Every structure is written in structure tokens, then in C-alpha cells.
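Bear in mind that the values in this text are calculations on the coordinates, not laboratory data. Computed from a prediction, not measured in an experiment: that's the story for all the values here. Here the Cβ positions follow ideal geometry from the backbone for every residue, glycine too, while neighbour counts run over all protein chains shown.
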Amino acid sequence: MTTGIFLAIIAGLMLGLYALPEKFTTDFKYENTWSLFFLLTMFVVPIIASVTLIDGFSDVFGNMPTDIWIKMGLTSFLWGIGVMMWSKAINHIGLSLGFSLFIGTVILVGSLLPFVVDGLPPSNVLTFILIGIVIVLIGVILNGKAGLIREKDEAGQEQAETTEKKGSVAAGILIAVIGGLLATGFSYANAAGAPYLTDALKSYNNADWITGVAVMFPIFISGGIVMTAYFLWQLSAKKAWGDFRTSAFAKNFFLILIMAVFHYAASALFGYAASKLGASGNTVGYAIFNTSAVATAIVSGLITKEWVKASSKARMALYGGLACMITGIIIIAYSKSLA
């Protein structure tokens, strides 16, 4: 149990940090950066990792029941739409607020979805899980409030520019919340595919940690389809193909590759962590994984000076939200000791 909780926290740290290199790309439009990122993280990295690391790869997936393929494929497709929307929200409202709203929605809904597959845990365990999730949600609300206060603090500019920025913030919040609802498909897909894949991998003497790699393969491939179609259209609509021809391409590619590897590795590590947590592991692991990511994103936002112009009121709300999320994680982790 302790190992699973620790791994879920580490996975969350990685997820919270993966988008940071995007701040240092140059001469790329939004469409260039994220189209290359999604191509690498959804197809190139998981295909290479899966084919290389999974013994019996073709048999394991060739024999997977059709109903599991359908469940994982459809819900992963929705997850892909959600993640794509989240990446757009970051451009509107910044890394800290974007993560808070998006993953807050994911935690609230996505942590409960595995119960549809796994069934409800004992009442004492369920009580502490729900209490922890509610406290995390309070933290997310405080973070959202902090972000809105920050926007007002930074609005000491011309009226036209201020109005434009407020519209951008409202759009970003809406995009982040809707994206979070769709992205909960990741949680369901993981819960639906993990039991079969865990057993199938054992037949070929794969190490336990390969479970995370195997579960993520159909999830990432299915989720990547919608992203690829969207960004092919966006690159053409925004006439951004030419922006790939820049002297900064090599540097940008390296930074985006780091993002892709961190994003994929974080998800695969979560898949393994959930399997190590046993009963209710998908719910507990998912909540810890995503809450850790939010906390990490908030700290990274502070380090990169997203909050440098924010008032003490905004910062207090942000710190209060962070404290609530950490408290919620502890309570959710404690629920496993009651199982």
C-alpha cells in the first residue's frame, strides 16, 4: 500500500512538471508546440515503449476482448478531447489556474468513476475517500478564486486590453472545466482495462511495473486520434506549418520531447501505482496522482513568477487551496489503511 501511494505521488509530481518546458520554446505558435507534443506523447513514445518493453505484445493485445477495446477506446477518445481543451486553457489562464480547474474537475468526477467498474468499497473506507475528495475540491475552488483575484490585480492596463483579458479568462475557465469532465474517461479506461492486462502480462512473465505501460497503450493511441485530427486542421487554418522552419526547431523539439516523455511516464507510473494499491486502488491512486500534480503545478507557477503581481489576498487564497489539497491527499491515503 505504501509503495502504491508513494508511486502515485511521484507520478503526480511528474505530471505537474511536464508542461514547464513549453514556457521556454521560441518562434513556435501554440499550434506548433502542442501538435508536436501530442504526436510524440500519444503515438511515438507509447508505441516505442510498449513494443520494446512488453513481452508478448501482439498476443496480449490481439487477444484482448472486444468489449474491453470498445470501453477503453471510446472513453480514451473523450479523454483526448479533454486534454486538448486543457492545453488550450493554459494559454488563457496560466499553468496554475488551468491545472487547478481542469484537474479539480477530473479529481471530483474521475475518482468516482472506477466505482462503476470496481464496485463500492466498505462504508468506512468510502467515507474517508469522499471526505478527502471534498476537501480537495475546496482547495480547487480556493485556487480558482486566487486566479480570478490575480487577474484583477494585474488589470492595471488600458481598458480595451483589460476587457480582452477578462474575456480570455472566462473562456479559459469554461474550457478547463468542460475539458476536465471529458478527461475523466482516462480513469474509466484504466479501470476497465487493468484487470485483463494484468493477468495477460503475467502469462508472458512480464514484470509487475509493465502493467502501467500496457494499460496506457490503448488509452494513448485512442486519445491521440482526436488530437492529431484537430491539430492538422489547426496548423492549416492558422497557417502555422511554416513556423516549424525556424533555427530554434532543434531546441524546441528537445524541450517538447521532454514534455512528452514526462507526460507519458507519469501516466504509466500512475497505472502501476493503482495496481499496487489493491481494492479501490484506481480511485485512491487517481485522486492522489492528480492532486499531487495540481500542488506541483501551483509551486511551479510560483517559481516561474506567474503570481509576481498578485496581491496578498490572492496569495492567501492560493496557499489555502494548496493546504486543503495536501490535507485531502492525506485523508484519502489514510482510507487505504482502513481497508
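Here segment 45-76 is scanned for amide nitrogen atoms under 14 Å from the site 7 Å beyond the Cα of D199 along Cα-to-Cβ, giving 63-68. Scanning the chain for long hydrophobic helices, with DSSP H runs required to stretch 27 angstrom or more by C-alpha along their axis and to average at least 0.5 on the Kyte-Doolittle scale, returns 66-105, 123-153, 159-183, 210-237, 249-276, 281-303, 312-337.
Put simply, when 203-212, 7-16, 230-239 are sorted by average Cβ atoms within 10 angstrom per residue, most first, you get 7-16, 203-212, 230-239.
Is it possible to state the helix-based mean residue ellipticity at 222 nm for the chain, with each DSSP H run of 4+ residues giving -39500 (n - 2.57), the sum divided by total residues, to the nearest 500 deg cm²/dmol? What is it?
Helix-only estimate at 222 nm: -27000 deg cm²/dmol.
Among the listed pairs K88/K152; K29/K71; K88/K239, those whose Cα-Cα separation exceeds 26 Å are K29/K71.
A Gaussian network model of the chain, with springs between Cα atoms under 10 Å, assigns the largest mean-square fluctuation among V299, V213, V169 to V299.
How about segment 252-332: which trypsin sites (Lys or Arg not before Pro) there lie in a loop by DSSP and see at most 16 other Cβ atoms within 10 Å? Qualifying residues, ordered by number: K305, K309.
Of the peptides 41-49, 289-297, the order by per-residue mean of other Cβ atoms within 10 Å, starting with the highest, comes out as 289-297, 41-49.
Computed over the chain, relative contact order equals 44 percent, with contacts defined as Cα pairs under 8 Å that lie 6+ residues apart.
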